[in-house]
Each structure stands twice: as C-alpha cells, then as structure tokens.
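*Asks:* Take this structure first; my questions come after.
The values are calculated or read from the model by the stated rules, or taken from the named source; none is laboratory data. None of these values were measured; they are calculated from a predicted model. Because the Cβ atoms are built from the backbone with ideal geometry, glycine has one as well, and the counts that use them run over all protein chains shown. The area values use the complete protein model at the heavy-atom level, side chains included, leaving out ligands, DNA and RNA. Shrake-Rupley method; radii C 1.70, N 1.55, O 1.52, S 1.80 Å.
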Amino acid sequence: MEMFDLSIIWAGIIGFGVIMYVLMDGFDLGLGILFPFAPDEDARDVMMNSVAPVWDGNETWLVLGGAGLLAAFPLVYSIFLPALYIGVFLMLAGLIFRGVAFEFRFKSRRNRHWWNRAFCWGSAIAAFAQGVVVGAYIQGFETEGFVYTGGAFDWLTPFTVVTGLGLMAGYALLGSTWLILKSEGHIQDWAYKITPMLLGIVLVVFAIVSIWTPFVNQVVWERWFGHIRIIWIFPALALFFAFLVLRSVKQRRESYPFLATIGIYVFTYLGLIVSQWPMIVPPNYTLWDAASAPESQLFLLIGVLFVIPIILVYTAWTYWVFRGKVRVGEGYH
Amino acid sequence: MELDPLMLSRIQFAFVVCFHAIFPVFTIGLASYIALLQGLFFKTQNPAWDRLALFWTKVFAVVFGMGVVSGIVMSFQFGTNWSNFSLAASNFIGPMLSYEVVTAFFLEAAFLGILLFGRGKVPQGIHLLAATMVAIGTFISAFWILSANSWMHTPAGVELIDNRFHVTSWSDAIFNPSFPYRFMHMAMASFITGGFVVAGVSAWFLMRGRDPEANRRALSMCLWLLLFLTPAQAVIGDFHGLNTLEHQPTKVAAMEGHWETATNVPLLLFAIPDQEAQENRFAIGIPNLASLILTHSLDGEIPGISEAVPEEQPPVMIVFWAFRVMVGIGLLMIATAFAGLLLRRKGRIYESRLFLKTLVGMVSLPFIAVLAGWVVTESGRAPWLVYGIMTHAEGVTPSLTGWMALFTLIGYMLVYAVVFYAGIYYILRVVRNGMLPEHAQASADRDADRPKRPLSAAHTPFDDDVDPVRS
C-alpha cells in the first residue's frame, strides 16, 4: 500500500468528477437560467433541444461524486451534508423539477408553460445552491471531533450569497456560449449579445470573491500572500481565457467562446483547490483525515477505474452523435 | 410539542425510500420479463412476442426514469440525516452504495440504450443480449443495496475501532448471514410484482377486446409463472423468518405479537399489541401454530419480546400489523394464482369478467405487500441501526434540529407528490395507449432512432390536445 497514496488518487478522481459535473451540467443549468429571457418560444425549443440528449448523462457525475465521497472521503460527506442541510434539499428539489420538466415539456402543449417554469426555477435554484456550496467551502465549517457543530444557516452568509449568484452568472455564461455553438440565426445573435454582459457579471463577482476571500479565511490569505508565488498563474490564466471569450465573441467565432469559458472554469477551479490544499474540510481536516480505510478505497477503486473510461467513451459518443446545429422546428421530441 | 429530529428523520427516510422502492421493485421483475419476451421472439419469430416486448419496454423506460430521479435523493439522505452512521459505517457502506451506482451507470451506458432504442437497428441477437444484460444488471444493482441493508441487520466481517467499522473480510461482510435470504425474498417479490402488473394490464386489455392474441399469451404466461412463484415465495419467506429468528429473535417475536418466552405458542390472527402493558388485547389465535412454523415442533419454545428491555424493543404494533398485511396479501396472491389454474381447466381465464376484474384490482397489491415487508424488517430492527451495535439515536446527525427535519420532510413530500402525480398520470397514459397496431410498428422503429434518456423511449404525449389516448 506504500507504493502509492490512495487518498491522492481518490482526490484526483473526485476532483475530476466535480469539474466534469460543473462543466457539463453547468451549461444545462445555465440554459435553464436564461430560459425566461429568451427572445421567443422557438429559441426556448432550440435551447432545450440542444441539451436534451445529454443532460441526464451530465447528472451522472453528481451521483457518482456523492456516492464516491461517502466511500473515499466519508468525513466530507458527513460534514458537508449536515452543514448544508437546507441547501442540499433545495438543490435536489431544483434538480428533480428540472429533470421532470425536461421529460414532460416535449410531451405537452397545453401544460407547457408550467414545465417552462419548473425548468427555469429548478435550474436557477440548483445553480444558486451549488454556488453557495463553493462559498461555504471557502468559509470553512465549524467542527469538533469529526462532527459538524454549526447552525442550520451557517452556509447562508453575504459571502456565500455572492458566490451563489456568481455561479448562476457563470452557468449562464456557459449556457450562452454553448448556445452560440449549437444555434444559428436570431437565436445565435441573441446569444452573442448576452455573452459579454454575462462575462462582465462573472468578472465582477470573480473580483469581489477574490478580494473578499482572504478576509473570510486566514489560511487562504497566507496561501496567496505567502511564498508560493507560482499559484498566481491560475487567476492570471483564468483572466486570459476571459479575454479570449470576449475576443472570440467580437470575431463571431462559434466554438471558441465555449471552449474559452471552459478555460475560465478550469483555472478558477485549480485556483480554488490550491487555496485550500490539502484541506478538504476547511479549516480543520486534510484529505488524509477525511479518508476512509485504505482497503475500502482500494476495493472501490477497482470498479471505478473500470467504469469511468466506459462512461467517458459513452459520453463522448453521445456528444458526437448529437454534434452540429439544432434548428428551429426539428431535433429531438 | 417538541419536534424530535430523530423521529422525523426516520419518517423522512422511510418516506423517501418507500417512494423510491416502488420503482426498482417493478423494473427488476419487468426487465426479466422483457428479456423473456425477447427470447421467445428470437426463438419463435412470432410477432406477438415482439409487440408485447415493445409495449412493456416503453413502460419500463418510464418507470426506470422515475426510479433514477427518486434515487438521486437517496444517495444524499445518508449524509444529511444520518451523518454519524455514515461516517462510522462508511468503510463498508460507502463502497457498497458506490458499486450500485457504478453498476447502474455501466448498464445505462452500455446496454440500456441498445434495449430502448436499438430495436430494428441492431441484429436481433444483440438486442436480446442487451435485454438480458439489463435484466442481470438490475439484479446486480439490487445485490449491492441489499447486501448493505442486510449487513445493518446482521453485521459481519468488520471490527469496530475508534467508533469506525473496519472491514476485516469483504466476503463475510457482503455475504452476511441474512443477505442470501433477503436477496431471494426480494428477487421473488420483484418477479411477482412484475407478474401481477402484466397480468392485470393484460386482463384490462382483454376486457376491452384489444389485441386479444398478444394479451391472451401474456396473461396465460403470467398466470403460469405466478402459480409457481407465489407458493415459492411463501417457502422462501419462511426460511427468511427462521434466519431472522436465529439472528434477531425480538423482531420475530414482534411479528408474532409474542411477549413472554414460552412453549406451545399460538399463531395470532388478530390482536392489538399494547406496548405500555407489554401484552396483547383482543387476541385471537390458532393454538401451537407459531411454535410449529418457527420451530417445526408443536411445543417448541419461542423467545418473547420481553427478552429485550423495553428501551430495546421495536414498535410492536407496527411490526405485527405490517407483517399481517404482507402475509395476507401473499395468501391472496397464491389464491388468485390457483383460481387461474382452475379457470384455465375450464378454459375461462380469458372470459370470466370477475376473474379479469380481480386481476386488474390486484395490480397495486404486490407493491403494498413489498412496502409492508420492508416496514416489518426495518421497524423490527428498531432501536438498532446496526443491529446490536449502533442505535438510531447514535447514528442521527447531531447538528440536526427538529424544525430542519420537519422542513425537508414536508418539502420532499410536496416535491414527490408533484413528481409522482405527473409520473403515474403519464404511465397510465402509456398503458392506455397500449400496443401499436402492427402496421405502425415499423414506423415506430424508424422514429425511435436516438440513444438517449430512458423516458424518451415512450412516445406517448402528456396532454390530450397533442394526441388523445386511444380508449
């Protein structure tokens, strides 16, 4: 067992699962958030059709992440979920309504406006709740002897509200750049128009959170203003990709805005990780404190290493099958 | 009144898990039935089997989708409400639940798409293989969940170090003493549930004279299966009960409403157990029968509930009556299956309206029996979460307050009420639309061309104004 550190491997797997979830369900949820602002019902059809074939595969990563945490880092599972109790409920309720709306909107006409509402509110609430989780993670959790001891609403502070709104804007940005990629005509024009605005909101929140973070968490302050200067490369690259988004929108490129937005996410995410590393339940527990027994980590690792490549191939294949533009009045019903 | 987070968490878990369990218990049985239909079609090339398979695959798709949606909540419940238990048992429970997820996703990625959307596009043999793999996969999923659950009843293969269970033997832990019985009992319950639903729906179609050829085949086949499955379930249930008597005698005593250890114990048909007084009111029983069933001897001794101190006793009223509901429905199902045999000899299973109506009415009963069975085994374990080692009170989330638990309990009830209403409404529409006429079958093949989400395999619209259902 000394040959390799299973906890590090598992941190890699869970970390990969989280970013996969954020990116892939991010644009689905983003389109849900943008739903009420769409120019017309045709645009809504196209928006929904562009993600209909893939959304439930995207949610795969959330369930895998939840179960994987229980198996590999049970302390995260048993502190985050009680601490975020009400928020977790809101997120799940949002995701359920969003999912049901996906299925039944296509099959309805008279009741369609209800499913539109369920889709939008479900997406918005789930996105906000996930952003709050990010904020709560930066804030840290009140714990004693491996048990959460804080209150019911510790997760709801001005800081986490900002991160919640920030992730909503960020998901909307993923959604609008995805729509640029998948649509054409007046719908694409609309997506081009709103993208810089959303990017602006994201950057403002990015700045607020960056300035605020060192004040809510001392460890983070020392990390960023300590000796390790190299980590500044992450926010720098995130900003560079933000610039790429803006430029490619100006040039009316179709796939670059989405890809560059992914770049923003990846480097922001890495920046977030290095802020806290190796703390996994800040401020008290490292990922080794949070780990399950090595034999348990190994037992599950075998199955996961077998199935993740299959899920990836299947996912890639699905995206390949549904590549290209979604047009008004056609596509999936 | 003080809100008790422990009681509310137990109610919430029971509610969420019961709601969820309805769907897999049906899909497990139905998946095997679809594989059987596909196999018959492959062998005989009779299009009736093919039409039945297509119809039931559509129903399967919707029920599977509902199961996935309600299952997402399950994977978070352990952490939100039972965090102490989750942390303590994570070394075993974590990998079990994760393997269930892994199995389910592997299935979905590899075979479900082919089963739902590959019809007419992949060779028949491959389609049959996909159907078989999905059927096997549902059992593998159930395997992990039931292993984890059984371990909580009969923990084995672990040692407790610093309040955490560490696995010392994976095979002992996975194949813990109650697991084989629980798995068999549940697998059989799934088959019977699937059988009664298919029989009931076929009977409904026959009463309306729709697709008589295919529905007669389906009905006849189901009644043959149920004729063997329902008595077999009684035998398996008996073995499961004997296993429980060995490992959890208090639970069996509660099932029998049997308070004091004694010999010559009667089988109670009716009683109002009084936990305060530690005795029954209005008891009516058959002398010596409980002793005979449980010890296979008329004067066998059975330990009573009072062997456990009152604080360690399960809620007897609930366990006692839930058990009677389960067994009562079980007996009714056996009787129905035998009535089918008698009517068959007179050649009347397809015509007797009373019999067909009975079958339609019985569609919901296996679900109630399954839930009642789970109430027996889970309530019967109380106050233990991990039997003999950790109580519910020790496992609950310490930071949880009563109003938090109440808020989410009401919340989940509201969410599920909406989802369940929409889902059941839609399943009924799919069923009422029935099988496609033969000439439309080919176009349905062309139409179902995209490997996607389960629900999109059902093409039935949600509203009447899109496409009214066929009556």
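*Asks:* Go over the candidates A:Gly151, A:Gly99 one by one and state the one that is open to solvent by less than 40 Å² (accessible area, probe 1.4 Å), in contact with a helix residue (DSSP H, G or I) (Cβ under 6 Å, 6 or more places away or on another chain) and either in contact (Cβ under 8 Å) with a residue 40 or more places away in the chain or not β-branched (Val, Ile, Thr) (or both). Talk me through it step by step, then tell me what you get.
*Replies:* On the way: A:Gly151 fails: in contact with a helix residue (DSSP H, G or I) (Cβ under 6 Å, 6 or more places away or on another chain).
After ruling out the rest, the residue left standing is A:Gly99.
*Asks:* Do we find a residue being at pLDDT 90 or above and within 11 Å of another protein chain (Cβ to nearest Cβ) anywhere in the range A:48-58?
*Replies:* Taking the range A:48-58 first, the residues at pLDDT 90 or above are none.
No, the range A:48-58 has no match at all.
*Asks:* Next question. Can you say whether B:Trp224 is part of a helix (DSSP H, G or I), more than 29 Å from A:Ser292 (Cβ to Cβ) and free of Cβ contacts under 8 Å to residues at least 12 places away in the same chain, as far as the supplied structure shows? Can you show your working first?
*Replies:* Values: part of a helix (DSSP H, G or I): yes; more than 29 Å from A:Ser292 (Cβ to Cβ): yes; free of Cβ contacts under 8 Å to residues at least 12 places away in the same chain: yes.
So B:Trp224 passes the test.
*Asks:* Could we say that A:Trp317 is open to solvent by 60 Å² or more (accessible area, probe 1.4 Å) and within 30 Å of B:Asn84 (Cα to Cα) here? Before the answer, list the steps.
*Replies:* Working: open to solvent by 60 Å² or more (accessible area, probe 1.4 Å): yes; within 30 Å of B:Asn84 (Cα to Cα): no.
The answer is no for A:Trp317.
*Asks:* Let me ask something else about it. Could you check, for the range B:103-118, whether at least one of its residues is modelled with pLDDT of 95 or more and buried (at least 21 other Cβ atoms within 10 Å of the Cβ)? Please lay out each step first, then the result.
*Replies:* As a first pass, look at the range B:103-118 and keep what is modelled with pLDDT of 95 or more: none.
No: zero hits.
*Asks:* Restricting to the range B:25-52, give me the number of residues that are in contact (Cβ under 8 Å) with a residue 24 or more places away in the chain and either among the β-branched types (Val, Ile, Thr) or closer than 30 Å to B:Glu394 by Cα (or both).
*Replies:* Final tally of qualifying residues: 4.
*Asks:* Can you pull out every residue in the range B:45-63 that is more than 19 Å from B:Thr138 (Cβ to Cβ) and polar (S, T, N, Q)?
*Replies:* Selection gives B:Gln45, B:Asn46.
*Asks:* Also, quick follow-up: I'd like to know if the range A:60-68 contains one or more residues that are among the aliphatic types (A, V, I, L, M), more than 10 Å from chain B (Cβ to nearest Cβ) and open to solvent by less than 10 Å² (accessible area, probe 1.4 Å).
*Replies:* Going through the range A:60-68, the residues among the aliphatic types (A, V, I, L, M) turn out to be A:62-64, A:67.
From the residues that got through so far, the ones that are more than 10 Å from chain B (Cβ to nearest Cβ) too are none.
Checked the range A:60-68: no residue is among the aliphatic types (A, V, I, L, M), more than 10 Å from chain B (Cβ to nearest Cβ) and open to solvent by less than 10 Å² (accessible area, probe 1.4 Å).
*Asks:* Could you tell me which numbered condition B:Ser98 fails, if it satisfies all but one of (1) closer than 19 Å to A:Gly65 by Cα; (2) among the small types (Gly, Ala, Ser); (3) under 19 Å from the mean Cα position of the chain (by Cα)?
*Replies:* B:Ser98 satisfies every listed condition except (3).
*Asks:* Now for a separate question. Mind checking which helices (runs of 4 or more DSSP H) fall wholly inside the range A:49-158 and carry at least 2 residues that are within 20 Å of B:Val415 (Cα to Cα)?
*Replies:* Details: elements: A:55-72, A:74-83, A:85-105, A:112-139.
Correct list: A:55-72, A:85-105, A:112-139.
*Asks:* Can you tell me which residue is modelled with the lowest pLDDT among those in the range B:12-49 that are surrounded by fewer than 15 Cβ atoms within 10 Å (Cβ to Cβ) and in a helix (DSSP H, G or I)?
*Replies:* Step one: of the range B:12-49, the residues surrounded by fewer than 15 Cβ atoms within 10 Å (Cβ to Cβ) are B:15, B:43-47.
Filter once more, keeping what is in a helix (DSSP H, G or I): B:15, B:43-44, B:47.
Values: B:Phe15: 93, B:Lys43: 95, B:Thr44: 94, B:Pro47: 90.
Applying the filter and picking the extreme gives B:Pro47.
*Asks:* Could you go through the range B:81-93 and let me know if any residue there is among the β-branched types (Val, Ile, Thr) and closer than 20 Å to B:Leu115 by Cβ. Show your work before the answer.
*Replies:* Within the range B:81-93, the first condition is being among the β-branched types (Val, Ile, Thr), and the residues that meet it are B:93.
Adding the requirement that they be closer than 20 Å to B:Leu115 by Cβ leaves none.
The answer is no; no qualifying residue exists.
*Asks:* Those residues that are under 29 Å from the mean Cα position of the chain (by Cα), part of a strand (DSSP E or B) and more than 10 Å from chain A (Cβ to nearest Cβ), I need them from the range B:154-176; list them, please. Please lay out each step first, then the result.
*Replies:* Our first condition is that a residue be under 29 Å from the mean Cα position of the chain (by Cα); within the range B:154-176, this holds for B:154-158, B:165, B:167, B:169-176.
Subset that is part of a strand (DSSP E or B): B:158, B:165, B:167.
Once the filter is applied, which keeps residues that are under 29 Å from the mean Cα position of the chain (by Cα), part of a strand (DSSP E or B) and more than 10 Å from chain A (Cβ to nearest Cβ), the range B:154-176 yields only B:Val158.
*Asks:* Residues in the range A:192-201: is at least one closer than 23 Å to A:Ala136 by Cβ and open to solvent by 30 Å² or more (accessible area, probe 1.4 Å)? Lay out the reasoning, then the answer.
*Replies:* Here is the first cut: in the range A:192-201, the residues closer than 23 Å to A:Ala136 by Cβ are A:201.
When the remaining residues are screened for being open to solvent by 30 Å² or more (accessible area, probe 1.4 Å), the result is A:201.
The answer is yes, given that some residue of the range A:192-201 is closer than 23 Å to A:Ala136 by Cβ and open to solvent by 30 Å² or more (accessible area, probe 1.4 Å).
Yes/no matrix, rows are residues, columns are (1) at pLDDT 90 or above; (2) within 27 Å of B:Trp56 (Cβ to Cβ); (3) facing chain A (nearest Cβ under 8 Å); (4) surrounded by fewer than 16 Cβ atoms within 10 Å (Cβ to Cβ):
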site	(1), (2), (3), (4)
B:Pro398	yes, no, yes, yes
B:Gly402	yes, no, no, no
B:Ala405	yes, no, no, no
B:Thr408	yes, no, yes, no
B:Gly411	yes, no, yes, no
B:Tyr421	no, yes, no, yes
B:Ile424	no, yes, no, yes
B:Pro437	no, yes, no, yes
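*Asks:* To continue, here is another question. Which residue pairs have Cβ atoms closer than 9 Å, lie 6 or more positions apart in sequence or on different chains, and pair a first residue in the range A:231-249 that is assigned to a helix (DSSP H, G or I) with a second residue that is surrounded by fewer than 14 Cβ atoms within 10 Å (Cβ to Cβ)?
*Replies:* Going by the 9 Å Cβ cut-off, the qualifying pairs are A:Ser248/A:Ser255.
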